[in-house]
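Every number in this text was worked out from the coordinates using simple rules, so none of it is lab data. Everything numeric here is computed off the predicted structure, so don't read it as measured data. Note that we place each Cβ from the backbone using ideal geometry, even for glycine, and neighbour counts take in every protein chain shown.
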């Protein structure tokens, strides 16, 4: 069996809480974070979102940033979550500490705010000119924590966070890094809300993953990061879980839609199981991608059936709590997977009433306690990017 | 062929970037999707916006498009029956 | 065990369409933002797919297919893409419509195409390649991170045989011109070939795509061996010599074995001292080349440097337009490429002759 890479710290901020404890309490009490947009300025107040009800000003104050800082909202959320992860792991940041962050639109919130000003040649907020680079948001966070070594950004749409975790784990295994902070961040923007709206895949009610009557996703925002460390560097530190498997494949079917049989998802899960060196029967819980669009949930179900045939383990989509946080989703759900392992609980899939006619697929709808040794987490994105991660207990 | 037919062909060519095509290249009964003109689900979403923008017809479910965007003939009939502008 | 990695195919699209190695002269530009020269994309992409693609995607797919064809690889075992700003034209288009139409009546095509992984995804779609696929977007080390990933893939998985790696960036009308507002571009238009004669802030910019077909197999027409690379986010200017020495030492090399260094000088007098410090110290006795006066500076411009290095190692020819000093190298064996942007995202790439 594969040794894997140790997780020594986690940090998360989402619509269901400002830290890991708050997120966990929401998950076990079935408290979702879906509401009308209040902080995001948009005409689409009818579209429910998973919004974090903390202003940029408060976040900046909490991080003790100077007044003329150039943090995007994604950077603010990211730094907030990294702080928790670093504190928990008592991480000493040095030259051999890397930072890998996934983000889909990075600093789009500031780009859309200042686009017209910049078009008119106004230089007042020119410190945000480079915010359109996803790497800009990543560097702000790295700078804040004094990370000067390996810093990188992955932007594979909704699988970015999961791919960042995968790269971090691989770099530790390859001996390229001793410690690395990995995860993802994305904030709500007019750009993404209107983009998904133009694709007609946003629901005007709370999203219903895997329900026969699901009618689209809720967009969310959030950030989550894990501290990964090489085993020889642990020196007795508490280990929260192990990253034991990862797989990445491309659906190569359509720019946005998933293939009917979920080929990319199937291949990603298959590779993750192979890296972990376990069979599909070992998986105790699957935190699905489960966006609640017609297309994703049926394709993902098909892929799950192909991997697990009749022995499907417990399955749920926590996007019914947080909304779809895009690049952060894979990282948020990694944290939830680790919480599931630690507490031996399967978190419920909210808003589920009727199984899909085609598959009869039943997610877990009430908090369930049971021994859990392996959790699989799926993240799929536009461009056919599919990534699966497997987490296990320390020594499991 | 009515003016609406030609108008539709022109806007489809423009909206969907069918650069090499001429309205005369699209026949009225030719299937727009699949084996005919070869449009796909992204084009369908573009056409939904075109219906709203040009003819004041608002579709809320993308699957409705499947019955309307069958051919230029079918689209023209639907527009005549439902247009608000 | 570390495997040897060879560059067996290259697709290069930039503002320099001519072949400097066959004696073509460099193209001259008088503006600070200039475009890449497009090949005939129709030879590579079907019209129905082509109709929606922005230049970044077209350049990416086309250069990828040129590289694969040269390496005689049909479907690579992984596709790894680097892009600083991704599909900027579509981002700009969707954003402008959104703002102008007050979030109403928006169509999805430009949104779909705006995601940074559009290019990598479209290459996968075009090749029906279901293998590993990732896109890195870390400013001027976007392509370098892709190369690092490729290097790790070869080491990790004995079944990996060939990997397609590339970097793409496009200019867009507005977002690119915003760089005038924060001093990234020179305030006065200059002639590109005079870039390094200027003593002023900012640089000139353009666009391009560079894809490389990497393989474990050395072939008759192999360009070069990809040795190793190094990425570091922040380096103090006074430490650059030590950093590079440490990198060489880590790879059991010293500065003497570097026959040619290709430097990313971009004419910005606030940051070119990183290069000058090296030119005057550690690498003062080494042949020094430069390239951003030809293709401009953009996040994945270092793809052009790799293209140059690979061609120099294969042909032994060194076009004089690249030369920064008078030192010569008769038959270069090892070429080091050093790049940074605005003092951040530093990278070193080492290629060797085969």
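Sorted into 10 angstrom bins from 0, the C-alpha pair distances of segment A:243-392 split as 12, 47, 37, 4 percent.
If contacts are Cα pairs under 8 angstrom and at least 6 residues apart, what is the relative contact order of chain A in percent?
23 percent
Can you bin segment C:227-352 into rounded, prolate or oblate? Criterion: square roots of the alpha carbon gyration tensor eigenvalues sorted a ≥ b ≥ c, rounded for a/c under 1.5, prolate for a/b above b/c, oblate for the rest. It is rounded, given that a/c, with a ≥ b ≥ c, falls under 1.5.
Taking the number of other C-beta atoms within 10 Å as the exposure measure, put A:180, A:364 in order starting with the fewest.
Arranged by neighbour count, lowest to highest, A:180, A:364 become A:364, A:180.
Both the radius of gyration and Dmax for chain A are 19.4, 62 Å, in that order, over alpha-carbon atoms.
With R₀ set to 51 Å, the beta-carbon distance separating residue B:20 from residue C:323 gives a calculated FRET efficiency near 0.65. Across all C-alpha atoms in segment C:5-215, the radius of gyration and Dmax reach 18.0, 54 Å. Approximating the spin labels as points 7 Å out from Cα along Cα→Cβ, the residue A:309-to-residue A:46 distance works out to 4.8 nm.
For the protein assembly as shown, the antiparallel share of DSSP beta bridges with both residues in that region comes to about 65%. For the protein assembly as shown, the calculated P(r), taken from all Cα-Cα distances in 20 Å bins from zero up to the bin holding the longest distance, is 16, 50, 30, 4, 0 percent. Taking the DSSP bridge list for chain C and keeping only pairs wholly inside it, about 60 percent are antiparallel. As a proxy for reagent exposure, A:105, A:182, A:239 were ordered by neighbouring Cβ count within 10 angstrom, fewest first; the result is A:239, A:105, A:182. Looking at chain A, the DSSP beta bridges with both ends there are about 65 percent antiparallel.
Would segment C:45-113 count as rounded, prolate or oblate if I go by the C-alpha gyration tensor, calling it rounded below 1.5 in a/c and otherwise prolate when a/b exceeds b/c, oblate otherwise? Judged from the Cα gyration tensor, segment C:45-113 comes out prolate (a/c at least 1.5, a/b above b/c).
The spacing between segment C:144-173 and segment A:12-68, judged by their C-alpha centroids, is 36 Å. With a 10 Å cut-off around each Cβ of C:42-53, the average count of Cβ atoms from other chains is 3. All distinct Cα pairs of chain B go into the 1/r average, and the inverse of that average, the Kirkwood radius, is 12.8 Å. With a point put 7 Å past each Cα toward its Cβ, work out how far residue A:69 is from residue C:28 in nm, to one decimal. Between residue A:69 and residue C:28, the simple spin-label model gives 5.0 nm. Given R₀ = 30 Å, what would the calculated FRET efficiency be for residue A:36 paired with residue B:84, taking r from the Cβ atoms and rounding to 0.05? After rounding to 0.05, the efficiency reads 0.55. Among C:116, A:324, the ranking by other beta carbons within 10 Å of each residue's beta carbon, starting with the fewest, stands as A:324, C:116. Take the alpha carbon gyration tensor of chain C, find the square roots of its eigenvalues, order them as a ≥ b ≥ c, and report rounded if a/c is under 1.5; if not, report prolate when a/b exceeds b/c, else oblate. Note, shape of chain C comes out oblate.
With both labels modelled 7 Å from their Cα along Cα-to-Cβ, the residue C:38 to residue C:196 distance reads 3.2 nm. Using the Cβ-Cβ distance between residue C:245 and residue C:19 with R0 set to 35 Å, the FRET efficiency from 1/(1 + (r/R0)^6) comes to roughly 0.50.
When Rg and the Kirkwood radius Rh are both evaluated on Cα atoms of segment A:19-112, their ratio Rg/Rh stands at 0.99. Residues within the reach of a label modelled at residue A:53 (point 7 angstrom out along Cα to beta-carbon, backbone nitrogen below 19 Å), restricted to segment A:326-354: there are none.
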